[in-house]
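Data first, discussion second: the structure below is written as structure tokens.
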Amino acid sequence: MSQNLLQGKRGLVFGVANEKSIAWACAQACAAQGAELAFSYVGEPLEKRVRKLLESDMPDASMFPCDVSKDADITAFFEAVHAKWDSIDFVIHSVAFTHREDLSNPFVATPRSHFALALDISAYSLVAIAREAAKLMSSGGSIMTMTYYGSEKVIPNYNVMGVAKAALEASARYLAADLGPSGIRVNCISAGPVRTLAASAIAGMRDMLDVTEQCAPLRRNVHLDDVAGTAVYLASSLSAGVTGEVLHVDCGYNVLGMYAVMPERRTQGAETGE
Ligand code: NAD
């Protein structure tokens, strides 16, 4: 593959917490294709971690604080970006949050305040960021966000985050319609389960990984590189005609309507006459 798919392009990356973050894998892949990047971070511990990553891997990249639940932070972030660059070409939104107990208690127990917070940080933030980003995309651009299959079907323990991802995907479609006439594309990457800091909060993450590996058409879990490759595609002109889409990068898991019966189960069934 050519090494300069994103030469001359400038991108913003929201959601790097550490070297295992999906956002970091996407950022590294975009940088390898020639993109210049600026990053957001929240809070002092993450500032140190992101700074360390940039110092070792991307010394020319900038980083600015931004808690996406605060409009003032989003405004200040974009002012800082604008002071550095006149325009940007793409945005990677890879941010989500809910309280840990919401990812193990029954969904029906979700308190109103937790529901509102999860949707604010995990879905509304895309709208607020897209609004500001669009002002710097005078020649068009590409905005992408990370979602998960729990938006479409019930996944044990994913709970309010599934509802937030459904809102995120719908928001991406409405943003695609609003911003399309300005040449700005908005898409979602629906990644299969990956071990990250955020994912460690989901009760039964091990089962999600095991079931995907056993049942997905490709018989494996996704690698960060799989997701990062799709981010490069969405940031580049290769995807110029694609907007409002949810691209599943999940080894094909979402196409299954029923799992294949495991051979050992079939043998048991024959013995018992089931
Ligand atoms: P991660 O913990 O590395 O990233 C989550 C990021 O969200 C962190 O950088 C965190 O700082 C940021 N964040 C949380 N609250 C914030 C706030 N108020 N303001 C700004 N940033 C905030 O985990 P990840 O798995 O890389 O998650 C990235 C995205 O990918 C999330 O949207 C997640 O739902 C999605 N996703 C993850 C998986 C998976 O299995 N890991 C699968 C599909 C989709």
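Laid out as a table, the results:
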{"quantity": "Only one of A116, A134 that is farther than 21 Å from S190 by Cα, within 15 Å of the ligand (Cβ to nearest atom) and open to solvent by 10 Å² or more (accessible area, probe 1.4 Å)", "calculated": "A116"}
{"quantity": "Number of the condition not met by S200 [criteria: (1) without any contact (Cβ under 8 Å) to a residue 40 or more places away in the chain; (2) more than 16 Å from the ligand (Cβ to nearest atom); (3) over 17 Å from Y259 (Cα atoms)]", "calculated": "(2)"}
{"quantity": "Single residue of D178, D207 found to be surrounded by fewer than 21 Cβ atoms within 10 Å (Cβ to Cβ) and either within 12 Å of the ligand (Cβ to nearest atom) or over 30 Å from P111 (Cβ atoms) (or both)", "calculated": "D178"}
{"quantity": "In region 86-101, the residues that are open to solvent by 10 Å² or more (accessible area, probe 1.4 Å) and either under 21 Å from A199 (Cα atoms) or in contact with a strand residue (DSSP E or B) (Cβ under 6 Å, 6 or more places away or on another chain) (or both)", "calculated": "D89, S94, V95, A96, F97, T98, H99, R100, E101"}
{"quantity": "Residue within region 19-38 that is within 13 Å of the ligand (Cβ to nearest atom), surrounded by 14 or more Cβ atoms within 10 Å (Cβ to Cβ) and farther than 20 Å from V232 by Cβ present", "calculated": "no"}
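The values are calculated or read from the model by the stated rules, or taken from the named source; none is laboratory data. These numbers come from a predicted model, not from an experiment. As a convention, Cβ positions derive from the backbone with ideal geometry for all residues, glycine included, and neighbour counts pool all protein chains shown. These accessible areas exclude ligands, DNA and RNA; they are computed on the full protein's heavy atoms, side chains included. Shrake-Rupley method; radii C 1.70, N 1.55, O 1.52, S 1.80 Å.
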